[in-house]
Amino acid sequence: MAVTVKECLELQLLEVEMLLSMFPKRGEFSLDADAVPSIQRYLKNADGALPPQLEYRIAVDVGEAKVKVELQVLLPHMYPQVAPQVFARSDALHRQQQLQLNTRLASHIDSLESGDLCVCEAVQWVKDNTLPFLENCKASSECAPKEVRVKEMLHRMWIYSHHIYRQELRKKIFDSAKKLNLTGFCLTGKPGIICVEGLQENCEEFWRVIRYPNWKHISCKHVESIETEGSIDNLRLFHSFEDLQFQAHGDYGLRNDYHMDLGQFLEFLKQHQSGHIFQILFGVEGKLSDN
């Protein structure tokens with residue numbers, strides 16, 4: 001008999017209870033306050049809209065040195081019938097070691113039996129298998145020439161969406177930008193525009209996080225990369241991650257029918273040495289009003 005979404009969500013809540021008992025300390029297991037209640041409300045009334053996908057983080061200690069490794073978990077509504085999205089990250093790992101670790105982790109999850117809860121298994125696998133990657137990372141650091149001055153790359157991504165409205169999505173955008181030390185802005189409404197700037201790997205991680213699992217009508221329109229031997233902070237066009245709110249046009253009675261004043265947006269871009277981006281985003285040359 002086919003497994004239903006309701007049955008899958010019930011199993012997901014059981015696994016959350018199990019994980020909370022395994023990681024009871026503050027900071028070990030974290031998820032949004034409304035994540036579980038929203039699923040519980042759906043289970044009481046399965047005729048309503050599906051709740052947001054369950055997303056949480058687990059912090060685990062690896063090895064005798066107790067190196068912190070964080071697992072970011074996103075569960076499709078049909079998990080455990082389909083595989084979860086699990087991503088491990090640690091400040092102690094270089095980018096290449098982290099990529100190799102996650103490739104191995106994804107392969108291990110794919111090898112498990114479909115239909116079985118597997119986040120606990122993924123946590124144990126990370127505890128048992130991360131140490132060699134940490135040791136390789138340490139060895140490569142010790143062997144690196146000390147006199148070489150590492151160049152950094154400022155990455156700036158210009159992202160276009162048909163619209164950005166949902167508070168849940170906006171929260172993910174702002175939380176991710178803050179966590180990854182990115183500056184820029186998010187223009188809410190129709191269209192929705194995001195700009196992020198910072199280290200290349202952090203911009204790429206931001207793009208991976210916000211567009212997963214299936215954000216339609218979104219694209220990265222343009223990327224700027226600038227290499228420097230100094231601090232990338234000297235190259236930033238924005239000093240924080242701003243929430244842009246411009247005068248809207250449209251039927252204010254309809255939540256999803258207001259268009260941003262693109263003239264004000266163009267003026268904002270020019271104030272930040274980015275007026276040329278307007279044509280890249282919209283395909284037309286921007287002109288300021290005479291008013």
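The values are calculated or read from the model by the stated rules, or taken from the named source; none is laboratory data. For clarity, every value in this text was computed on a predicted model and none was experimentally measured. All Cβ positions, glycine included, derive from the backbone under ideal geometry; neighbour counts span all protein chains shown. The accessibility values were calculated without ligands, DNA or RNA, using every heavy atom of the protein model including side chains. Shrake-Rupley method; radii C 1.70, N 1.55, O 1.52, S 1.80 Å.
Long hydrophobic helices in the chain: none of the complete DSSP H runs spans 27 Å or more by Cα along its own axis with mean Kyte-Doolittle hydropathy of at least -1.0. For the listed peptides 58-70, 171-183, a ranking on the average number of other beta carbons within 10 Å per residue, highest first, reads 171-183, 58-70. Please label the shape of the chain as rounded, prolate or oblate, based on the square roots a ≥ b ≥ c of the eigenvalues of the alpha-carbon gyration tensor (a/c under 1.5 means rounded; beyond that, a/b larger than b/c means prolate, else oblate). Oblate shape, in that a/c is at least 1.5 and b/c is the bigger or equal ratio. Listed values for the range 233-246 are Karplus-derived 3J(HN,Hα) couplings in whole Hz (6.51 cos²θ - 1.76 cosθ + 1.60, θ = phi - 60°), namely 4, 6, 9, 5, 8, 10, 9, 7, 9, 8, 9, 7, 10, 10, and x replaces Gly and Pro. Take 78-86, 266-274, 218-226 and order them by the average number of nearby Cβ atoms within 10 Å per residue, most first; the result is 78-86, 266-274, 218-226. Averaged per residue, the range 1-140 has 57 square angstrom of accessible surface, using a 1.4 angstrom probe with ligands and nucleic acids left out.
Only one residue of P80, A46, L101 has its Cα farthest out toward the positive end of the dipole of the range 5-139, where Lys and Arg carry +1 and Asp and Glu -1 on Cβ, and that residue is L101.
Apolar share of the accessible surface for the chain: 50 percent from carbon plus sulfur atoms, 1.4 Å probe. Which one, Y160, Y42, Y56, has the greatest fluctuation when you compute a Gaussian network model over the chain with C-alpha springs under 10 angstrom? Largest GNM mean-square fluctuation: Y42. The calculated FRET efficiency for N136 paired with L20, based on their beta-carbon distance and R0 = 30 Å, is about 0.35. Summary of packing: across the peptides 8-17, 161-170, 196-205, the per-residue average of other C-beta atoms within 10 Å ranks them, highest first, as 196-205, 8-17, 161-170.
Taking the DSSP bridge list for the chain and keeping only pairs wholly inside it, about 90 percent are antiparallel.
Straightening the chain between H94 and S225 buys 45.1 nm, computed as 0.36 nm per residue apart minus the Cα-Cα spacing. The P(r) of the range 5-139 has a tail past 23 Å containing 36 percent of all C-alpha pairs.
In deg cm²/dmol, rounded to 500, what helix-only [θ] at 222 nm does the chain give when every DSSP H run of at least 4 residues adds -39500 (n - 2.57) and the total is split over its residues? Calculated from helices alone, the mean residue ellipticity at 222 nm is -12000 deg cm²/dmol.
Taking a ≥ b ≥ c as the square roots of the eigenvalues of the alpha carbon gyration tensor, the range 161-252 is prolate, as a/c is not under 1.5 and a/b beats b/c. The phi torsions of the range 214-221, fed into the Karplus equation with coefficients 6.51, -1.76 and 1.60 and a -60° offset, translate into couplings of 7, 7, 6, 6, 9, 8, 8, 7 Hz, rounded to whole numbers, with Gly and Pro shown as x.
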